[in-house]
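The values are calculated or read from the model by the stated rules, or taken from the named source; none is laboratory data. All values reported here derive from a predicted model rather than from experimental measurement. Every residue, glycine as well, gets a Cβ built from its backbone with ideal geometry; the counts of neighbours run over all protein chains shown. Ligands, DNA and RNA are excluded from the accessible area calculation, which covers all protein heavy atoms including side chains. Shrake-Rupley method; radii C 1.70, N 1.55, O 1.52, S 1.80 Å.
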Amino acid sequence: MTRMLIVGPPGAGKGTQSKKISQELGIVAISTGDIFRENIKGETELGKEAKSYVDAGNLVPDSLTNRLIEDRLSWDDAADGFLLDGYPRNSTQVQAFDEILARLGVELDIVLELTADREELVSRLTKRAEAEGRSDDNEDVIRHRLEVFEQETEPMISEYRSRGLLKQVDGLGPIDEVNARIMEALKA
Ligand code: AMP
């Protein structure tokens, strides 16, 4: 049973690797970005609230995101472990997440960071924009999302480093190679 986070800049391959890790470890992968995108597509209340933030590459308000995660983690499929992709995303969310875990009576085991350099990220994200047509994958929004990551998310990663939970893996290279590195790091 593993409770873990996957963190790293947009374009580092978190979504792709999450799906693989989820299968390999038999835990559910939960992506806040995917949840927001599905709700925007389905034009739900949540989608309507989140749309302007997601399209601009800004973070959806913490209160909304924290509630969403607390609800999602209470589902049965998350009882025996989970992999969160995209949450928490800033220091406020880390604090809220600590409280959510305490209420659930569980602890986080690992924070896996996928690293990649900035130029590689912009190039991957631009390619993904062409392939998937995500509304937040145009060049200005891509650059903005990288800035939001550096300003809001990187400090939160340091917090997990100081707690001794962080494992870093180089996200550069073919999908299966990166996955092999991850599985090695998770064993260590
Ligand atoms: P992602 O797919 O993780 O890159 O997320 C896409 C977009 O969803 C982000 O740019 C944010 O607008 C929103 N989002 C995802 N996760 C969060 C979060 N934990 N807090 C706030 N906004 C988020």
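Quick one: in region 27-57, which of the residues that are polar (S, T, N, Q) and within 18 Å of the chain's Cα centre (by Cα) is nearest to the ligand (Cβ to nearest atom)?
Thr32
Take region 81-121 and flag every residue that is within 23 Å of Ser162 (Cβ to Cβ), within 16 Å of the ligand (Cβ to nearest atom) and part of a helix (DSSP H, G or I).
Within region 81-121, Ser91, Thr92, Gln93, Val94, Gln95, Ala96, Phe97, Asp98, Glu99, Ile100, Leu101 qualify.
Inspect all residues belonging to region 68-80 and state whether any of them is away from the ligand (no atom under 15 Å from the Cβ), assigned to a helix (DSSP H, G or I), modelled with pLDDT under 95 and within 19 Å of Ile6 (Cα to Cα).
Scanning region 68-80, I find no residue that is away from the ligand (no atom under 15 Å from the Cβ), assigned to a helix (DSSP H, G or I), modelled with pLDDT under 95 and within 19 Å of Ile6 (Cα to Cα), so the answer is no.
Residue check: is Ser18 in contact with a strand residue (DSSP E or B) (Cβ under 9 Å, 6 or more places away or on another chain), in contact (Cβ under 8 Å) with a residue 40 or more places away in the chain, more than 9 Å from the ligand (Cβ to nearest atom) and open to solvent by 20 Å² or more (accessible area, probe 1.4 Å)?
Spelling it out, it is not the case that Ser18 is in contact with a strand residue (DSSP E or B) (Cβ under 9 Å, 6 or more places away or on another chain), in contact (Cβ under 8 Å) with a residue 40 or more places away in the chain, more than 9 Å from the ligand (Cβ to nearest atom) and open to solvent by 20 Å² or more (accessible area, probe 1.4 Å).
Could you run through region 131-145 and say how many residues are touching a Gly at 6+ places or on another chain (Cβ under 7 Å) and in a helix (DSSP H, G or I)?
The total comes to 3.
Among the numbered criteria (1) open to solvent by less than 70 Å² (accessible area, probe 1.4 Å); (2) part of a helix (DSSP H, G or I); (3) in contact with a helix residue (DSSP H, G or I) (Cβ under 7 Å, 6 or more places away or on another chain), which single criterion is violated by Glu159?
Here Glu159 clears every test but (1).
Enumerate the pairs (first residue in region 166-188 and without any contact (Cβ under 8 Å) to a residue 12 or more places away in the chain; second residue anywhere and in a helix (DSSP H, G or I)) with beta-carbon separation below 9 Å, excluding pairs fewer than 6 apart on the same chain, so at least 6 apart or on different chains.
Gly173/Arg181; Asp176/Lys20
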